[in-house]
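The values are calculated or read from the model by the stated rules, or taken from the named source; none is laboratory data. This one's a predicted model, so the numbers in the text were calculated from it and none came from an experiment. Here Cβ is always computed from backbone atoms with ideal geometry, including for glycine, and neighbour counts include all displayed protein chains. Accessible surface is based on the protein model in full, side chains and every heavy atom, while ligands, DNA and RNA are left aside. Shrake-Rupley method; radii C 1.70, N 1.55, O 1.52, S 1.80 Å.
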Amino acid sequence: MTKRIALRGDLLDFTAEPDWGVTESPAVRFRPDHWLLIEDGRIAAVQAEAPGDDWPREDHAGRLILPGFIDTHVHSPQLDVIGSYGSELLDWLNTYTFPAERRYADPELAASGAALFLAALLAHGTTAAVVFPTVHKVSADALFAGAAERGMRLIAGKVLMDRHAPDGLRDDVVQAEADCRELIARWHGRDRLAYAVTVRFAPTSTPAQLAMAGRLCAEDPTLYLQTHVAENRDEVRWVRELFPEARSYLDVYARAGLLHARSVLAHGIWLDDADRAALRESGAQIAHSPSSNLFLGSGLFDWRAAEAAGAAVTLASDVGGGTSLSMLRTMADAYKVQAMAHQRLTAWKALHASTRGAAQALSLGHEIGSLEPGHAADLCVWDWAAGPVAQQRMAVARGLHEKVFAWLTLGDERCLVTSIVNGAVRYQR
Ligand SMILES: [Zn+2]
């Protein structure tokens, strides 16, 4: 039996990449008061006229319908440390994050933590994500199983870390490789899941472990790679001491075979021109995490320089360094980071990087990120405003960019009405 539903609302997505500073962009596709038809988990059609009587309907007239957000860098076990006071990256890891992650060795806690995390993503309008669980195999199993249950597009992998981490959070090269291979066989390509070889960051892996990670990537080019790079100046100094042979922090990964078209590198604040060229040549993307960068005092990412050099940039919450799973909050922070460098991030650039741009950077542009017939029906219905202040702002907004920019600046998860994943309602306010 086919499963059908037709949604009515104001449809907003992109057909190309918007340019910097352009508020009237031909890349924006706004279809007010349209119907989006979903059949068997896929978008079947988008049309101005109401569908026939054989279509069950949900009328969201006056509401915004967007592709589900794609968060390209987030840590599932870190809901326990979100909003932790008073430290920069390396202290923050030791004081808050590592103790919280150690608890994920327990399969029951890993399962309940994954369920909480995935439900929270959906309650913030994020339907796909690139996720770090912990070093424990069970934490990756729990996360994949939870995502499969919800039909979600999820990219994740057991975290590799065999040094400079406390007891209970270190693996070794042999066991880690066996765990990765087992997890890849079990999850990679199953349902909507994909495996990412997951190096926490260069300081917590020995050269032998980085080489093992590189071998896994070389063996199967459909695997993703996720890690952190050049987030914090003390971290960058430490990497220089640990890897004196490398030209730069990014070069540590390049030398190990970890820089390729499916590499997702969080932060990339302290990069130089040669690094940016290496990003372009490899096709690797930077997962820009503005909330985390501000909260931990890591630095201000130069989005325009990365893009001018031809590197792909996507947006990420980086919870728990970031302080919200909301991609609206993330976009608003990204705007402020660019404003500090006298650049203006349009609503279109920000939204594109959280939807179509992220999908394309992940080689998933054929499946998610746009309201396109044939794509998976991963989408969210939003109110334009929550509360009297935003309502008043919307009432006087002129033009679409002004309205959408005010929406993402003033809005948050209170605006979310429904999240639909693969055609199924997975969150309802
Ligand atoms: Zn992170």
Could you pull out every one of the lysines with an alpha carbon less than 28 Å from that of Lys336, ignoring same-chain neighbours closer than 8 positions? Lys349, Lys403
I'd like the distance separating the alpha-carbon centroids of segment 229-262 and segment 387-415, in whole Å. 41
Using alpha-carbon positions, what is the distance between the centroids of segment 344-386 and segment 83-134, in Å? 24
Enumerate the calculated ³J(HN,Hα) couplings along segment 283-296 in order (Karplus 6.51 cos²θ - 1.76 cosθ + 1.60, θ = phi - 60°), each rounded to whole Hz, writing x wherever the residue is Gly or Pro. x, 5, 10, 9, 8, 6, 10, x, 4, 5, 4, 6, 5, 8
Select from Leu225, Ala211, Gly168 the residue farthest towards the positive end of the dipole of segment 108-238; place +1 on Cβ of Lys and Arg, -1 on Cβ of Asp and Glu, and compute about the Cα centre. Leu225
If unit charges are put on Cβ atoms (+1 for Lys and Arg, -1 for Asp and Glu) and the dipole of the chain is taken about its Cα centre, the option from Ala202, Trp382, Ser289 lying farthest towards the positive end turns out to be Trp382
With no solvent and one equal point scatterer placed on each C-alpha of segment 69-325, evaluate the Debye formula and give log10 I(q)/I(0) for q = 0.09, 0.13 Å⁻¹, two decimals. -0.33, -0.74
Would you kindly give the portion of the calculated P(r) for segment 254-401 that falls above 23 Å, as a percent of all Cα pairs? 42
Over the chain, average the accessible area per residue using a 1.4 Å probe and give it in Å², no decimals. 37
Pairwise label distance in nanometres, Asp91 with Glu219, each label 7 Å out on the Cα-Cβ vector: 4.2
Sequence-distant lysines (8 or more away, or on other chains) whose Cα lies within less than 20 Å of Lys137: Lys158
Net charge of Cβ neighbours under 12 Å - reference Lys336; Lys, Arg +1; Asp, Glu -1: +1
Roughly speaking, to the nearest percent, how much of segment 374-429's 1.4 Å accessible area is carbon and sulfur? 53
With the crude spin-label approximation of a point 7 Å out along Cα→Cβ, what separation in nm comes out for Asp59 versus Arg170? 6.5
Taking every pair of Cα atoms in the chain, average 1/r, invert it to obtain the Kirkwood radius, and report Rg/Rh to two decimals. 0.96
Stretched out fully, how many nm does the piece from Ala178 to His366 gain, at 0.36 nm a residue minus the Cα gap? 64.5 nm
Given the options Leu416, Leu109, Leu300, state which has the largest fluctuation in a GNM of the chain using a 10 Å cut-off (strictly under) for Cα springs. Leu109
Around Ala261, what is the net charge, scoring Lys/Arg as +1 and Asp/Glu as -1 over all other residues with Cβ under 12 Å from its Cβ? +1
Expected max-MSF residue from Ala115, Ala148, Ala397 in the GNM of the chain (alpha carbon, under 10 Å) is Ala397
Apportionment of accessible area to carbon and sulfur, segment 103-262, percent (1.4 Å): 54
Sorted by chain and then number, the residues having a modelled amide H within less than 5 Å of the amide H of His73, at least 5 places away or on another chain, are Val130, Ser317, Asp318
Normalised contact order of segment 315-429, rounded percent, pairs of Cα under 8 Å and 6 or more residues apart: 25
Can you check what the net charge comes to around Ala395, using other residues whose Cβ is under 15 Å from the Cβ of Ala395 (Lys, Arg +1; Asp, Glu -1)? +1
Ranking Val313, Met152, Leu37 by how far each Cα lies towards the positive end of the charge dipole of the chain (+1 on Lys and Arg Cβ, -1 on Asp and Glu Cβ), the top one is Leu37
PRE reach from Met340 (point 7 Å along Cα→Cβ): which of segment 220-235 fall under 14 Å by backbone N? 231-233
Compute, for segment 69-325, the length of the dipole vector about the Cα centre, with Cβ point charges of +1 (Lys, Arg) and -1 (Asp, Glu) only. Units Debye, rounded to 20. 440
